[in-house]
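Asks: This is the structure I have questions about; it appears just below.
The values are calculated or read from the model by the stated rules, or taken from the named source; none is laboratory data. Owing to the predicted nature of the structure, the values given are computational and were not obtained by experimental measurement. When we count neighbours, we look across all protein chains shown, and the Cβ atoms used for this are built from the backbone with ideal geometry, even at glycine.
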(Lines give C-alpha, C1' and ligand atoms only; values in the text may rest on other atoms or scores of the structure.)
Protein backbone atom coordinates (compact mmCIF):
# COMPACT_ATOMS: atom_id res chain seq x y z
CA UNK A 1 0.00 0.00 0.00
CA UNK A 2 2.86 2.38 0.77
CA UNK A 3 4.37 1.70 -2.66
CA UNK A 4 0.99 2.47 -4.22
CA UNK A 5 1.00 5.89 -2.49
CA UNK A 6 4.49 6.60 -3.84
CA UNK A 7 3.23 5.85 -7.34
CA UNK A 8 0.17 8.11 -6.88
CA UNK A 9 2.39 10.88 -5.46
CA UNK A 10 4.36 10.96 -8.72
CA UNK A 11 1.13 10.96 -10.68
CA UNK A 12 -0.21 13.90 -8.66
CA UNK A 13 3.00 15.84 -9.24
CA UNK A 14 2.49 15.47 -12.99
CA UNK A 15 -1.27 16.24 -12.88
CA UNK A 16 -0.72 19.46 -10.92
CA UNK A 17 1.02 20.78 -14.03
CA UNK A 18 -1.20 19.25 -16.70
CA UNK A 19 -4.78 19.30 -15.33
CA UNK A 20 -7.02 22.27 -14.65
CA UNK A 21 -8.85 22.78 -11.34
CA UNK A 22 -12.14 21.01 -12.22
CA UNK A 23 -10.19 18.01 -13.50
CA UNK A 24 -8.09 17.85 -10.35
CA UNK A 25 -11.17 17.99 -8.15
CA UNK A 26 -12.94 15.24 -10.11
CA UNK A 27 -9.93 12.91 -10.29
CA UNK A 28 -8.75 13.18 -6.68
CA UNK A 29 -11.30 14.84 -4.37
CA UNK A 30 -14.68 13.76 -5.72
CA UNK A 31 -16.76 11.03 -4.08
CA UNK A 32 -15.33 8.48 -6.48
CA UNK A 33 -11.90 10.16 -6.67
CA UNK A 34 -8.57 8.44 -6.16
CA UNK A 35 -7.87 9.87 -2.69
CA UNK A 36 -11.35 9.07 -1.40
CA UNK A 37 -10.90 5.43 -2.40
CA UNK A 38 -7.51 5.31 -0.70
CA UNK A 39 -8.98 6.69 2.52
CA UNK A 40 -11.56 3.90 2.48
CA UNK A 41 -8.79 1.31 2.03
CA UNK A 42 -6.97 2.39 5.21
CA UNK A 43 -8.70 -0.45 7.10
CA UNK A 44 -6.79 -2.94 4.96
CA UNK A 45 -3.35 -1.48 5.71
CA UNK A 46 -1.06 -3.45 8.03
CA UNK A 47 -1.19 -2.08 11.62
CA UNK A 48 2.49 -1.12 11.64
CA UNK A 49 2.04 0.90 8.41
CA UNK A 50 -1.26 2.67 9.17
CA UNK A 51 0.32 5.77 10.74
CA UNK A 52 2.71 6.35 7.84
CA UNK A 53 -0.03 5.56 5.30
CA UNK A 54 -2.51 8.01 6.83
CA UNK A 55 0.08 10.76 7.20
CA UNK A 56 1.22 10.43 3.57
CA UNK A 57 -2.36 10.34 2.31
CA UNK A 58 -3.27 13.53 4.21
CA UNK A 59 -0.16 15.26 2.86
CA UNK A 60 -1.18 14.47 -0.71
CA UNK A 61 -4.68 15.80 -0.07
CA UNK A 62 -3.31 19.06 1.40
CA UNK A 63 -1.03 19.55 -1.65
CA UNK A 64 -3.99 19.31 -4.02
CA UNK A 65 -6.22 21.56 -1.88
CA UNK A 66 -3.50 24.23 -1.68
CA UNK A 67 -3.11 24.15 -5.46
CA UNK A 68 -6.88 24.64 -5.86
CA UNK A 69 -7.02 27.47 -3.27
CA UNK A 70 -4.06 29.28 -4.83
CA UNK A 71 -5.65 29.08 -8.26
CA UNK A 72 -8.98 30.40 -6.99
CA UNK A 73 -7.24 33.25 -5.16
CA UNK A 74 -5.35 34.28 -8.31
CA UNK A 75 -8.56 34.18 -10.33
CA UNK A 76 -10.31 36.40 -7.77
CA UNK A 77 -7.49 38.95 -7.84
CA UNK A 78 -7.61 39.09 -11.64
CA UNK A 79 -11.38 39.67 -11.54
CA UNK A 80 -10.96 42.44 -8.96
CA UNK A 81 -8.39 44.18 -11.12
CA UNK A 82 -10.83 44.19 -14.03
CA UNK A 83 -13.40 46.16 -12.05
CA UNK A 84 -13.52 49.90 -12.69
CA UNK A 85 -13.92 52.21 -9.71
CA UNK A 86 -15.80 55.26 -10.98
CA UNK A 87 -14.80 57.19 -7.85
CA UNK A 88 -11.06 56.65 -8.32
CA UNK A 89 -9.05 59.91 -8.60
CA UNK A 90 -7.32 58.74 -11.79
CA UNK A 91 -8.18 57.23 -15.15
CA UNK A 92 -7.84 53.48 -14.71
CA UNK A 93 -7.46 53.05 -18.48
CA UNK A 94 -4.59 55.49 -18.66
CA UNK A 95 -0.98 54.37 -18.48
CA UNK A 96 -0.11 57.54 -16.57
CA UNK A 97 -1.48 57.48 -13.06
CA UNK A 98 -3.12 60.71 -11.89
CA UNK A 99 -3.54 59.66 -8.27
CA UNK A 100 -2.12 62.27 -5.85
CA UNK A 101 1.27 61.45 -4.36
CA UNK A 102 1.10 59.84 -0.93
CA UNK A 103 4.07 59.91 1.39
CA UNK A 104 5.48 56.52 2.33
CA UNK A 105 5.24 56.87 6.09
CA UNK A 106 7.03 54.31 8.23
CA UNK A 107 5.29 53.09 11.36
CA UNK A 108 6.42 54.60 14.64
CA UNK A 109 5.63 54.54 18.32
CA UNK A 110 3.22 57.13 19.73
CA UNK A 111 4.93 59.69 22.01
CA UNK A 112 2.89 58.44 24.97
CA UNK A 113 4.14 54.90 24.42
CA UNK A 114 7.70 56.15 24.02
CA UNK A 115 7.50 57.84 27.42
CA UNK A 116 5.78 54.85 29.02
CA UNK A 117 8.66 52.60 27.93
CA UNK A 118 11.20 55.04 29.41
CA UNK A 119 9.33 55.30 32.70
CA UNK A 120 8.85 51.55 33.09
CA UNK A 121 12.52 50.98 32.32
CA UNK A 122 13.41 53.30 35.22
CA UNK A 123 11.12 51.44 37.60
CA UNK A 124 12.44 48.05 36.56
CA UNK A 125 15.98 49.20 37.26
CA UNK A 126 14.75 50.34 40.69
CA UNK A 127 13.48 46.82 41.41
CA UNK A 128 9.74 47.26 40.75
CA UNK A 129 7.47 44.66 39.18
CA UNK A 130 4.99 45.74 36.48
CA UNK A 131 1.30 44.80 36.35
CA UNK A 132 -0.88 46.35 33.64
CA UNK A 133 -4.18 47.91 34.69
CA UNK A 134 -7.61 47.05 33.26
CA UNK A 135 -9.81 49.22 31.04
CA UNK A 136 -13.07 48.05 32.62
CA UNK A 137 -13.59 47.10 36.25
CA UNK A 138 -16.15 46.63 39.02
CA UNK A 139 -17.39 48.70 41.96
CA UNK A 140 -15.40 46.71 44.51
CA UNK A 141 -11.98 47.41 42.97
CA UNK A 142 -12.88 50.96 41.93
CA UNK A 143 -14.25 52.02 45.30
CA UNK A 144 -14.85 49.55 48.15
CA UNK A 145 -11.37 47.99 48.22
CA UNK A 146 -9.94 51.54 48.32
CA UNK A 147 -11.89 52.62 51.43
CA UNK A 148 -14.81 54.17 49.50
CA UNK A 149 -17.85 52.50 51.15
CA UNK A 150 -21.19 52.76 49.37
CA UNK A 151 -22.66 56.24 49.78
CA UNK A 152 -19.27 57.84 50.60
CA UNK A 153 -19.29 61.45 49.27
CA UNK A 154 -15.72 61.11 47.97
CA UNK A 155 -17.06 58.84 45.22
CA UNK A 156 -18.32 61.98 43.49
CA UNK A 157 -14.69 63.11 43.03
CA UNK A 158 -14.20 60.21 40.64
CA UNK A 159 -17.23 60.64 38.43
CA UNK A 160 -16.63 58.29 35.52
CA UNK A 161 -18.36 56.17 32.89
CA UNK A 162 -20.60 53.22 33.78
CA UNK A 163 -22.10 50.39 31.75
CA UNK A 164 -25.71 49.28 32.04
CA UNK A 165 -24.44 46.09 33.71
CA UNK A 166 -22.81 48.07 36.54
CA UNK A 167 -19.20 47.91 35.36
CA UNK A 168 -17.05 51.03 35.44
CA UNK A 169 -14.26 52.50 33.32
CA UNK A 170 -11.45 53.09 35.85
CA UNK A 171 -10.94 56.70 36.88
CA UNK A 172 -7.53 55.81 38.33
CA UNK A 173 -5.11 52.88 38.24
CA UNK A 174 -5.63 52.49 42.00
CA UNK A 175 -8.28 49.94 41.00
CA UNK A 176 -5.34 47.50 40.74
CA UNK A 177 -4.03 48.02 44.28
CA UNK A 178 -6.06 45.22 45.84
CA UNK A 179 -5.05 42.77 43.10
CA UNK A 180 -1.38 43.78 43.35
CA UNK A 181 -1.30 43.37 47.15
CA UNK A 182 -2.75 39.88 46.88
CA UNK A 183 -0.71 38.82 43.85
CA UNK A 184 2.72 40.02 45.03
CA UNK A 185 2.20 39.55 48.77
CA UNK A 186 3.39 38.87 51.34
CA UNK A 187 5.63 41.98 51.55
CA UNK A 188 8.03 43.29 50.52
CA UNK A 189 5.89 44.46 47.60
CA UNK A 190 7.23 46.80 44.91
CA UNK A 191 5.02 47.16 41.84
CA UNK A 192 3.94 49.81 39.31
CA UNK A 193 0.57 49.64 37.56
CA UNK A 194 0.38 51.44 34.19
CA UNK A 195 -2.98 51.81 32.48
CA UNK A 196 -5.57 53.99 30.80
CA UNK A 197 -8.05 55.99 32.88
CA UNK A 198 -11.36 57.72 32.09
CA UNK A 199 -13.09 60.67 33.74
CA UNK A 200 -16.29 62.47 32.89
CA UNK A 201 -14.92 66.01 32.84
CA UNK A 202 -14.40 68.96 30.52
CA UNK A 203 -11.16 69.13 28.57
CA UNK A 204 -8.68 71.98 28.32
CA UNK A 205 -4.95 72.44 27.70
CA UNK A 206 -4.03 70.39 30.78
CA UNK A 207 -7.05 68.06 31.26
CA UNK A 208 -8.44 65.19 29.20
CA UNK A 209 -11.31 62.76 29.73
CA UNK A 210 -8.99 59.88 28.76
CA UNK A 211 -5.38 59.64 29.93
CA UNK A 212 -2.64 57.25 31.02
CA UNK A 213 -1.60 56.88 34.64
CA UNK A 214 1.14 54.97 36.42
CA UNK A 215 0.23 53.77 39.89
CA UNK A 216 2.98 52.69 42.25
CA UNK A 217 2.88 50.89 45.60
CA UNK A 218 5.63 49.95 48.01
CA UNK A 219 4.85 47.88 51.13
CA UNK A 220 7.26 46.51 53.73
CA UNK A 221 8.08 46.73 57.41
CA UNK A 222 8.96 50.22 58.64
CA UNK A 223 8.13 52.11 55.42
CA UNK A 224 7.73 55.85 56.03
CA UNK A 225 7.00 59.15 54.28
CA UNK A 226 10.73 59.64 53.92
CA UNK A 227 10.98 56.52 51.77
CA UNK A 228 8.09 57.79 49.63
CA UNK A 229 9.72 61.16 48.99
CA UNK A 230 13.04 59.51 48.14
CA UNK A 231 11.48 57.09 45.61
CA UNK A 232 9.40 59.79 43.89
CA UNK A 233 12.34 62.18 43.73
CA UNK A 234 14.61 59.47 42.32
CA UNK A 235 12.38 58.37 39.44
CA UNK A 236 11.36 61.94 38.52
CA UNK A 237 15.01 63.03 38.50
CA UNK A 238 15.95 60.14 36.21
CA UNK A 239 12.97 60.68 33.92
CA UNK A 240 12.97 64.48 33.56
CA UNK A 241 16.77 64.81 33.66
CA UNK A 242 16.44 68.26 35.18
CA UNK A 243 16.09 70.01 38.50
CA UNK A 244 12.52 71.08 39.28
CA UNK A 245 11.13 73.29 42.00
CA UNK A 246 8.95 71.00 44.06
CA UNK A 247 6.46 71.42 46.85
CA UNK A 248 4.18 69.02 48.70
CA UNK A 249 0.79 70.14 49.91
CA UNK A 250 -2.04 68.49 51.85
CA UNK A 251 -4.76 66.69 49.94
CA UNK A 252 -7.52 64.14 50.52
CA UNK A 253 -7.70 60.62 49.15
CA UNK A 254 -9.73 57.95 50.99
CA UNK A 255 -7.15 55.27 50.18
CA UNK A 256 -4.11 57.03 51.75
CA UNK A 257 -3.40 58.63 55.13
CA UNK A 258 -1.73 61.11 55.31
CA UNK A 259 -2.47 62.38 51.79
CA UNK A 260 -0.21 64.59 49.67
CA UNK A 261 -0.25 66.35 46.31
CA UNK A 262 3.12 66.50 44.61
CA UNK A 263 3.43 69.85 42.79
CA UNK A 264 6.17 71.23 40.52
CA UNK A 265 6.92 74.71 39.24
CA UNK A 266 5.59 75.15 35.70
CA UNK A 267 8.51 74.63 33.28
CA UNK A 268 6.68 76.43 30.43
CA UNK A 269 6.20 79.85 32.00
CA UNK A 270 8.79 79.62 34.80
CA UNK A 271 5.99 80.18 37.33
CA UNK A 272 4.80 83.40 35.67
CA UNK A 273 1.46 81.82 34.73
CA UNK A 274 0.14 80.26 31.51
CA UNK A 275 -2.76 78.17 30.18
CA UNK A 276 -0.99 74.90 31.03
CA UNK A 277 -0.68 75.66 34.75
CA UNK A 278 -3.99 77.54 34.92
CA UNK A 279 -2.05 80.79 35.46
CA UNK A 280 -0.94 79.65 38.91
CA UNK A 281 2.71 78.96 38.11
CA UNK A 282 2.43 75.41 39.46
CA UNK A 283 1.42 72.04 38.02
CA UNK A 284 -0.12 69.36 40.23
CA UNK A 285 1.83 66.32 39.10
CA UNK A 286 0.47 63.51 41.23
CA UNK A 287 -1.31 62.41 44.35
CA UNK A 288 0.52 60.25 46.86
CA UNK A 289 0.51 59.20 50.49
CA UNK A 290 0.78 56.35 52.98
CA UNK A 291 -1.57 53.48 52.13
CA UNK A 292 -4.63 53.50 54.42
CA UNK A 293 -4.76 50.57 56.90
CA UNK A 294 -8.21 49.61 55.55
CA UNK A 295 -6.75 49.23 52.04
CA UNK A 296 -3.93 47.04 53.35
CA UNK A 297 -6.41 44.87 55.27
CA UNK A 298 -8.61 44.53 52.19
CA UNK A 299 -5.56 43.30 50.27
CA UNK A 300 -4.71 40.67 52.88
CA UNK A 301 -1.86 42.66 54.48
CA UNK A 302 -1.66 43.17 58.27
CA UNK A 303 -1.43 46.97 58.85
CA UNK A 304 -0.08 46.36 62.36
CA UNK A 305 2.99 44.67 60.90
CA UNK A 306 3.45 46.43 57.55
CA UNK A 307 3.14 49.94 56.12
CA UNK A 308 3.47 51.31 52.64
CA UNK A 309 3.00 54.22 50.29
CA UNK A 310 1.29 54.71 46.94
CA UNK A 311 1.26 57.29 44.20
CA UNK A 312 -0.50 57.89 40.90
CA UNK A 313 1.19 60.03 38.25
CA UNK A 314 -0.32 61.12 34.95
CA UNK A 315 1.85 59.95 32.07
CA UNK A 316 0.29 62.54 29.75
CA UNK A 317 1.40 65.42 31.95
CA UNK A 318 4.90 64.04 32.24
CA UNK A 319 4.97 63.74 28.44
CA UNK A 320 3.94 67.41 28.13
CA UNK A 321 6.79 68.47 30.39
CA UNK A 322 9.44 66.25 28.82
CA UNK A 323 8.45 66.96 25.20
CA UNK A 324 7.60 70.64 25.66
CA UNK A 325 3.99 70.15 24.49
CA UNK A 326 1.63 72.92 25.61
CA UNK A 327 -1.74 71.27 24.95
CA UNK A 328 -2.57 67.79 26.28
CA UNK A 329 -5.30 67.36 23.65
CA UNK A 330 -2.63 67.16 20.95
CA UNK A 331 -1.73 63.69 22.19
CA UNK A 332 -5.05 62.27 20.95
CA UNK A 333 -6.36 64.41 18.12
CA UNK A 334 -4.60 62.35 15.42
CA UNK A 335 -2.68 65.26 13.88
CA UNK A 336 -0.03 63.61 11.67
CA UNK A 337 2.03 66.80 11.44
CA UNK A 338 2.20 66.87 15.25
CA UNK A 339 3.08 63.18 15.58
CA UNK A 340 5.85 63.43 12.96
CA UNK A 341 7.82 65.57 15.42
CA UNK A 342 8.39 62.52 17.59
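Asks: Please indicate, with yes or no, whether at least one residue in the stretch 185-204 is part of a helix (DSSP H, G or I) and within 25 Å of the chain's Cα centre (by Cα). Quick ask: steps written out before the conclusion?
Replies: Let us first name the residues in the stretch 185-204 that are part of a helix (DSSP H, G or I), namely none.
Within the stretch 185-204, not a single residue is part of a helix (DSSP H, G or I) and within 25 Å of the chain's Cα centre (by Cα).
Asks: Still on this structure, please answer the following. Do we have any residue at all in the stretch 219-233 that's assigned to a strand (DSSP E or B), in contact with a strand residue (DSSP E or B) (Cβ under 8 Å, 6 or more places away or on another chain) and in contact (Cβ under 8 Å) with a residue 60 or more places away in the chain?
Replies: Keep residues of the stretch 219-233 that are assigned to a strand (DSSP E or B), which gives 219-220.
Narrowing the set further to residues that are in contact with a strand residue (DSSP E or B) (Cβ under 8 Å, 6 or more places away or on another chain) leaves 219-220.
Right, trim to in contact (Cβ under 8 Å) with a residue 60 or more places away in the chain and you get 219-220.
There is at least one residue in the stretch 219-233 that is assigned to a strand (DSSP E or B), in contact with a strand residue (DSSP E or B) (Cβ under 8 Å, 6 or more places away or on another chain) and in contact (Cβ under 8 Å) with a residue 60 or more places away in the chain.
Asks: Identify all residues within the stretch 205-214 that are in a loop (DSSP other than H, G, I, E, B) and either touching a residue at least 24 places away in the same chain (Cβ under 8 Å) or within 14 Å of the chain's Cα centre (by Cα) (or both); write none if there are none.
Replies: Passing the criteria: 205, 206, 208.
Asks: Within the stretch 166-189, work out how many residues are farther than 13 Å from residue 139 by Cα, touching a helix residue (DSSP H, G or I) at 6+ places or on another chain (Cβ under 8 Å) and surrounded by fewer than 19 Cβ atoms within 10 Å (Cβ to Cβ).
Replies: Going through the stretch 166-189 one residue at a time, the tally reaches 1.
Asks: So which residues in the stretch 215-234 are within 27 Å of the chain's Cα centre (by Cα), under 21 Å from residue 247 (Cβ atoms) and modelled with pLDDT of 90 or more?
Replies: 216, 231, listed by residue number.
Asks: For the subset of the stretch 149-165 comprising residues that are over 28 Å from the mean Cα position of the chain (by Cα) and in a loop (DSSP other than H, G, I, E, B), which member is surrounded by the fewest Cβ atoms within 10 Å (Cβ to Cβ)?
Replies: 151
Residue-wise test of (1) buried (at least 22 other Cβ atoms within 10 Å of the Cβ); (2) free of Cβ contacts under 8 Å to residues at least 40 places away in the same chain; (3) within 22 Å of residue 111 (Cα to Cα).
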position	(1), (2), (3)
238	no, no, yes
241	no, yes, yes
245	no, yes, no
255	yes, no, no
278	no, no, no
284	no, yes, yes
292	no, no, no
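Asks: Let me ask you something else. Being at pLDDT below 90, under 23 Å from residue 315 (Cα atoms) and buried (at least 19 other Cβ atoms within 10 Å of the Cβ), is that true of even one residue in the stretch 119-130?
Replies: Looking for residues that are at pLDDT below 90, under 23 Å from residue 315 (Cα atoms) and buried (at least 19 other Cβ atoms within 10 Å of the Cβ), one finds none in the stretch 119-130, hence no.
Asks: Within the group 61, 3, 67, 26, which residue is loosely packed, with under 15 Cβ neighbours inside 10 Å and either under 48 Å from the mean Cα position of the chain (by Cα) or at pLDDT 75 or above (or both)?
Replies: Of the residues listed, the single one that is loosely packed, with under 15 Cβ neighbours inside 10 Å and either under 48 Å from the mean Cα position of the chain (by Cα) or at pLDDT 75 or above (or both) is 26.
Asks: Can you name the residue in the stretch 237-255 that is under 28 Å from the mean Cα position of the chain (by Cα) and modelled with pLDDT of 85 or more and, of all such residues, is nearest to residue 281 (Cα to Cα)? Full working, then the answer.
Replies: Let us first name the residues in the stretch 237-255 that are under 28 Å from the mean Cα position of the chain (by Cα), namely 237-241, 253, 255.
Still in the running and modelled with pLDDT of 85 or more: 238-239, 253, 255.
Values: 238: 23, 239: 21, 253: 24, 255: 28 Å.
Step by step, filter the stretch 237-255, then rank; the result is 239.
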